[in-house]
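The values are calculated or read from the model by the stated rules, or taken from the named source; none is laboratory data. Keep in mind the model is a prediction, meaning the values are calculated, not measured. Quick reminder, even Gly has a Cβ in these numbers, built from the backbone with ideal geometry, and neighbours come from all protein chains shown. We work out accessible area using only protein heavy atoms, side chains counted, and drop any ligands, DNA or RNA first. Shrake-Rupley method; radii C 1.70, N 1.55, O 1.52, S 1.80 Å.
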Amino acid sequence: MLAKTITGSFASAIHGLSSSNLTETVIQRSKRMILDTLGVGLIGTQTEVFQKALQYSKIYSTDISSTVWGRSDVRLPPLYASFVNGVAVHSMDFDDTWHPATHPSGAVLPPLIALSDTFPPSRKLSGLDFLLAFNVGIEIQGRLMQFSREASNIPKRFHPPAVVGTMGSAAAMSKLLCLELSQCRDALAIAASYSGAPLANAATQTKPLHIGNAGRHGLEAACLASLGLEANKQILDLESGFGAFYNDYDPQALPALKSYTWLLEKQDVAFKRFPAHLGMHWVADAACAIYKHIVDVDRLLPINKIEKILLKFPDAKYVNRPFPTSEHEARHSIQFNACTALLDGAVSVESFNDHNISRPNLQELLGKIQVEHPSDNKPSFEKMYCEVSVMLNNGDTFTERCNTFYGHWRKPLSNEDLVKKFKSNASTVLSSDGVEGIVEIVDKLEDVADCSVLNAILKNRTQSTDEHKQVILNDL
């Protein structure tokens, strides 16, 4: 009876999918997602918003506790470890992005690690079981996003990770807790009542809380379901249920397990090269191409010779910010990212510090920008493009267009560049031995017998390279 409803089919998939359903493509792609998310989470522990979330969460204590990434001296209840680590993941808008638009990993990996950290030594979590729960959480998000055509576009009302991320977390936690079929259904329904956050808080310190809360609330929903708390049995079938988040909600039942194909099998995710809204990567690539044409022999931009800068970009109001004044606004400003790329030939982590945001030459360039929204340029991460034109006062014009940036799912980062990004991010917190240890563990994750070794390294525990290797060898 349970699988005859759409909600029932989701519960059946969560309950019934096993490691034998995982394909080589899904395993490899999800390991890249895990490594990238750990890296952006670790560098995110250096941010102001993470520090505030951690300071708040320290008021809670319990006999059961979990690791705070990069903090050997702090442990928190699993809910709040998941919360602060999730905040860290999204604190710089550096985490992965899928299509339809959402940040899938940040809502699933922190609660997965936090919950696994509470398991007794007698219950070892294998890397394969870890990968299965992670992929269940990713899959549920992707399937839910497919139930709305408007979800295919850059969002206007709700921040997607706060909607589908909460459900994905609940699904992953249900799998990890080995909940019964009916409990998996209830966990989704409970999570739906935790879902939703307004997009108006984009470009503020509150936006990272959306990811932190998604993971925390999904974990809480699964724990409540495990205790027998009941909720609407058709939460995904009803417009007044999960359909409340979309004007064009059209849910479909999931396929039978024997013929199940993962969405991650069909489409990869996008990995960002610098910490900003995904749309900024089209802008930066186009502007960097122009930079190579117009800088002088000293690699300086002739600002006084620039008459106008024209950006052709989709109509997405929350990234149209002509004069950003904070790092979070700058991460969501097409104008800022275009001007930074034109000035420096690149956009990086350092681009968003106060000094670089307030540079007089950058402010001068911002004043020269005009934005157009061509009718053929749809606000969709699948179809959009960015065109940048720089007009000089001598009449010369330089134009470059980016249809697909490097890092997009159509043009994915190489494994070498993904690992390079991880090492650059993680080394801000962990020792070189710890960084190398995580790379080795994630690379062989499907063969790891006990994932607790990952938590040991994330605590910033100091070990020699030989000790790390011995731990890994013992674990395989």
Is it the case that some residue within the range 192-199 is in a helix (DSSP H, G or I) and under 21 Å from the mean Cα position of the chain (by Cα)? yes
Hey, does the range 70-81 have a residue that's over 30 Å from F381 (Cα atoms), touching a residue at least 60 places away in the same chain (Cβ under 8 Å) and in contact with a Phe, Trp or Tyr (Cβ under 6 Å, 6 or more places away or on another chain)? yes
Out of all the residues in the range 209-237, which are touching a residue at least 60 places away in the same chain (Cβ under 8 Å) and within 22 Å of D95 (Cβ to Cβ)? L209, H210, I211, G212, N213, A214, G215, R216, G218, L219, E220
In the range 370-400, what count of residues is obtained for those that are within 11 Å of I309 (Cβ to Cβ) and open to solvent by less than 30 Å² (accessible area, probe 1.4 Å)? 4
Has the range 318-341 got any residue that is among the aliphatic types (A, V, I, L, M), at pLDDT 95 or above and open to solvent by 10 Å² or more (accessible area, probe 1.4 Å)? no
Restricting attention to the range 167-182, does a residue exist that is in a helix (DSSP H, G or I) and either farther than 25 Å from D129 by Cα or open to solvent by 60 Å² or more (accessible area, probe 1.4 Å) (or both)? no
Those residues of the range 141-163 which are farther than 20 Å from K233 by Cβ and assigned to a helix (DSSP H, G or I), in sequence order: Q141, G142, M145, E150, A151, S152, P160, P161, A162, V163
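For the range 183-199, how many residues are surrounded by fewer than 22 Cβ atoms within 10 Å (Cβ to Cβ) and either in contact (Cβ under 8 Å) with a residue 60 or more places away in the chain or not small (G, A, S) (or both)?
3
State yes or no: is S424 open to solvent by 50 Å² or more (accessible area, probe 1.4 Å), assigned to a loop (DSSP other than H, G, I, E, B) and small (G, A, S)?
Against the criterion (open to solvent by 50 Å² or more (accessible area, probe 1.4 Å), assigned to a loop (DSSP other than H, G, I, E, B) and small (G, A, S)), S424 does not qualify.
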For the range 200-216, which residues satisfy the criterion of being open to solvent by less than 30 Å² (accessible area, probe 1.4 Å) and either more than 29 Å from P324 (Cβ to Cβ) or modelled with pLDDT under 95 (or both)? A202, A203
Requiring at least 3 residues that are polar (S, T, N, Q), the helices (runs of 4 or more DSSP H) wholly within the range 286-405 are 334-344
